[in-house]
């Protein structure tokens, strides 16, 4: 049913675009591209517009389903609602801010926004589902950044030098990033599907025998410290240049709920690893190259994130409105 709603939304927008231009249809200026949370690669403005409009329909369908569904169907619908509502609103903000919208396009997008007020008209979503849905959001955004964004080399070198020199604090990390699309980025929504499966089978029977990573299993079923340890081993072992970093950020986010002497610095490290994972990975690699030894991964992330992990910063990583493709 959600797929039918999705495709019907595309048909409606295509019909409208055949009648009136909603955005500048010339070539993308300066290699502009966007984060589209339903895709694993950067998307041009027309693709972003189509996706946002399609998911406006999907989110409202999920909301309506939560009004009548029961049992596992309800929990699945609630997970999908929170997940896609969060992602769609992020993409909508990027679309709304584009200077390439025509006057009619701006009016149309504004009217789209008026419909989002109803997206919170549903029964309360259980806290465990909120956590899982937010993890799906964080995982996709983190993975996308690791695949496609490259931090400024001079800024990376400055941070690496400060760390090796024993500086007490990192310099502010508001620095440019270049969009370098990774053609090898594999489809990643299987991870959201895994979290949705956990949402409907919270006790976990059978999941251990499936293809679930040990760090994920530990995090999802009550052992965040073990999840962190396993993820650190994966990162330092170089087993996967993307997924292991995602798992570490998620494990540190879970540790914040159970503060202890063993996980001091988790807040700042979790912030850095989920908001700017590409920066932490680059600095970690350069420090390792310069010193011949890998630094304490969590300590490095906490050091970089300490100045920015304040209450004024959003818990969920925010994506820029548009990125410029590096050529």
> Once you put a point 7 Å from the Cα of residue 111 and another 7 Å from the Cα of residue 168, both along the Cβ direction, what distance in nm separates them?
Replying inline: 5.8
>> Taking every alpha carbon pair in segment 129-324, what does the distance histogram look like in 10 angstrom bins from 0, in percent?
In response: 9, 37, 37, 15, 2
> Most mobile of 293, 199, 160 per a Gaussian network model of the chain (Cα springs, under 10 Å)?
Replying inline: 293
> Of the listed peptides 120-128, 282-290, 105-113, what is their order by residue-averaged count of other C-beta atoms within 10 Å, with the highest listed first?
Replying inline: 282-290, 105-113, 120-128
>> If I model a spin label as a point 7 Å beyond the Cα along the Cα-Cβ vector, how far apart are those points for residue 25 and residue 236 in nm?
In response: 5.6
> Which whole-number percent gives the relative contact order of the chain, counting Cα pairs below 8 Å spaced six or more residues apart?
Replying inline: 22
> Expressed in nm to one decimal, what extension gain is obtained for the pair residue 3 and residue 73 from 0.36 nm per residue of sequence separation less their Cα-Cα distance?
Replying inline: 23.6 nm
>> Can you compute the modelled spin-label distance between residue 288 and residue 102, with each label point 7 Å from Cα toward Cβ, in nm?
In response: 5.1
>> For the chain, take the convex hull of the Cα atoms, compute a quarter of its surface area, and give me that in nm², please.
In response: 17.8
>> At a threshold of 8 angstrom on Cα-Cα distance, excluding pairs fewer than six apart, so keeping six or more, what relative contact order does segment 31-108 reach in percent?
In response: 29
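Applying a 10 Å radius around every beta-carbon, put 296-304, 13-21 in order of their mean neighbour count, most first.
Output ranking for 296-304, 13-21: 296-304, 13-21.
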> Where Rh is the Kirkwood radius over the Cα pairs of segment 2-124, the temperature 25 °C and the viscosity 0.890 mPa s, what D in µm²/s does Stokes-Einstein return?
Replying inline: 162
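Since every read-out is calculated from the coordinates, none of them should be taken as a lab result. Here the structure is a predicted model, which is why all the values come from computation and not from measurement. No Cβ is skipped: glycine too gets one built from the backbone with ideal geometry, and neighbour counts run over all protein chains shown.
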